[in-house]
Amino acid sequence: MSDGSAWVEIVLLAMLAAFIGLRLVSVLGKRTGEERPQQIGDSFRPSAEVTAPPRRTENRGPRRQLVLPPGTDINLLPALEAIADADPGFAPDRFLSGANAAYGMILSAFWSGDLSGVHGLVSDEVHDNLAAAVTARDGASLPNRILGTPSAMIEGAEQVGQMVELTVRFAARIATADGEIESRDVWTFSRHVTSSDPAWVLIATDNEDDSADLPPDHGV
């Protein structure tokens, strides 16, 4: 009887395991290799997971009409539409939102003198320029901070082959050790539209406030 009972227990356990397995499949589903990749929320995040952006195919429907952020020159629409055709994940408003966040992050890192947080956000050339400026002030941190939310406006868009460049004009109120100033910066971001890396990279900076009446290092 003991042998018979053991066999009955083995059969019951096998049936129970099979039942649990079927329930897990029904709840979790099977992996087919066609699951959608995890979406990246912020294309300016330097540690963002590398996920190939969606590509337009012949059987995909027409692209939705782009909505230009307020203040954008309507003459930029054809260039922005061409970028959206090459990269269906591109949206001007989301780009500007990310650019604004990157603007604050990069300036804060520059003022603090610690550039470790800007890797992946800036090109090697821009990083070298920032590092040289920090070294020139002996690594000292600056008390600068952005007041409120900077305004950002796309003022240039260009695509050469698979490389895309967008120029953004920022206007910000900045508190410095010598008082409050208005800073106007023109930054250029770039990315390769066929790259699996979704991040935009800052490749050039220009400040329109370089005058004798402004304190040094008010911007980049």
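Rule-based calculations on the coordinates, nothing more; no lab input. Not measured: the values here are computed from a predicted model. Using ideal geometry, Cβ is built from the backbone for each residue, glycine included, and neighbour counts are taken over all protein chains shown.
Label positions at A140 and R173, each projected 7 Å from the Cα along the C-beta direction, are separated by 2.7 nm. If R0 is 25 Å, the Cβ-Cβ spacing of E158 and S196 corresponds to a FRET efficiency of close to 0.65. Using a simple spin-label model with pseudo-atoms 7 Å out from Cα toward Cβ, L77 and S151 lie 2.2 nm apart.
One chain, two ends: V186 and Q65. Fully extended at 0.36 nm per residue, the span grows by 40.9 nm beyond their Cα-Cα distance.
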